[in-house]
Amino acid sequence: MAEPQKQQMGDGSDNIGQAAGQAAKAAKNAGKQAAKQAAKKGAEAAANAAAATVKAGVEGGKAVAEIAAGTAAGGPWGAIISAAWAMRHTLFKILICLCLSVVFLIVMIVELPGIIINKALGIDGNEPTVSITEIYESLAETVSDIVQAGYDASMAEVERLISDGGYDRELSMNALINYAQSSAGYDTAYILSAYSTSVEQLSNDPEDMKKKLDGVAANMFPVTSVERENEVITPVTYYTYKSVTITVVMKTVKTGVINGVPQYRYETAEATYYLQDQQLSSDTQIEVDAYSAVTLTLPVYSGSNITGTRKATYYQYTGKETLTPEKKTVKYLECTIHPFDNTVISTAFGLDLNATYNGLETTYGDVIHSRALALKKTLYGTAGNGSTVPLTDVELIAFLARQNCSETRKHIVKTGLSLVGKVPYFWGGKSAAGWNDEWNTPKLVTAAGSTTTGTIRPFGLDCSGFSDWTYKTAVGISLNGASWSQWDESYAITAEELLPGDLGFLMDDDGGGWNHVLIFAGYGENGERMWVHSSGGEGVIFNTPSYEAGLALRRPKNVDFGDTPG
């Protein structure tokens, strides 16, 4: 009799999902207390626990490293299962799978914000019913609502300052510098990590977090103001007139009374007068024809007979007159709503970011940063926003001041630079004008043609989506679609003609099209050409790319840049 075929775990004929589920359940029961202790003692204790388990096998150790880094193929559970499957002895496979599950739970509890992981794993005492992503999205919505309330409070503060000071509202609102409108600038993952760190990993309450954030909402977007004066001209208004020839009653003579009714004879004449035609205005001194109103007596006819009279107003020419617009000095308030102030987070949660964390050789700030990155890697497989640091107000203002171009062009560049370091790259990512609350939230990449297609990534903008968003937000004009269509909606310029706000296109490697579009921001301190663009793997960045010399330079059509003719 032939030897029965031996089934190996992981060869496709067993139920891998069931095995993983059983392993997770066993890991949860076996490792819950150890995980809690690790969470309380910090990352150092977790590292020691992980190191002890790694000794069980080289393959297992590799998987633990992948889990901690968030780079395992198929996610953390994929790393656990594949590591166990790589072992030859079936019993060892099961044991290693369980051990790695425990380590995964310990590392995850320590590295991820407790406000998310406690509920996801049921450590809060309730049976887990939702995924990490679902929990994150729910909390992200809560944070977004609070931040919106903070923005609304800043707008209300602007209105209050204008009203209380008696400033001209129209001029003040036109002068408003609103950095928060185009870029909210907050990081949900950082906020959740900061809260969890402030209350220790195991004591997390979403309502408590909300209450503390509500307490600092009014300070999330700082408002500063400067009193300004402006000479306002009140334009003069005048009319043009058209001539009309009419019959006017020049004299009325009573001829008698018939049956008690007075009888009259009317003497009439044809005369030329004027009626108002078009209303015009001028903000400069102007000489115009002058007219004065006169009240005329006109006949009322019954057939061909005059049976009475009526009064009507017409105009008569009186000569020329000079009209001078009124000038007056009006005070207004130039308010600035600054980007999200991240220092309010440490204030809300009572954190000293430079203080030593639980006696370890690390600070609270470092721990929060580490947990925020771990959360992003768990959700997306990447840290999300890239390493680019957002520009400060001082840096942004100084850079724009160096550029010799129109205010419209500076506004376009300022709008684009407002997203630097805040919005990730997302293949196929497009957006309406203004800040999009969906940026940095997990979304499925549905656009074809990328290695990220079909994966979950933090939502953001691709290169053409960024340039289109910038123009829509800054001047209300869409550049449309992909980079090739933006090429069609622009025209070639020379390097000498290049100005901030113009576009640069990078050709495909095969020379068959354009695979990247950038916005020229201006010249750096050393005269180098600087560009702002959404770059794959980095997000919105501000730099001089290595391929800069090979860019095709173009200018969008149908955009009034306010350039002074040369």
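In the range 131-171, the ratio of gyration radius to Kirkwood radius, Rg to Rh, stands at 1.36 when only Cα atoms are counted. Between the C-alpha center of the range 309-330 and that of the range 477-530 there is a gap of 54 Å.
Charges were assigned to the Cβ only: +1 to each Lys and Arg, -1 to each Asp and Glu. The resulting dipole of the range 393-556 about its Cα centre is roughly 400 debye. Given the range 393-556, what whole percent of its Cα pairs are spread farther than 27 Å? Everything past 27 Å amounts to 19 percent.
Volume per residue for the range 236-324 equals 108 cubic angstrom (convex hull of Cα atoms). Modelled this way, with points 7 Å down the Cα-to-C-beta line, the labels at S163 and E497 are 5.1 nm from one another.
Only the coordinates and a few stated rules stand behind these numbers; no lab work does. Just so it is clear, the structure is predicted and the values come from calculations on it, not from any experiment. Glycine gets a Cβ as well: all are built from the backbone with ideal geometry, and neighbour counts include every protein chain shown.
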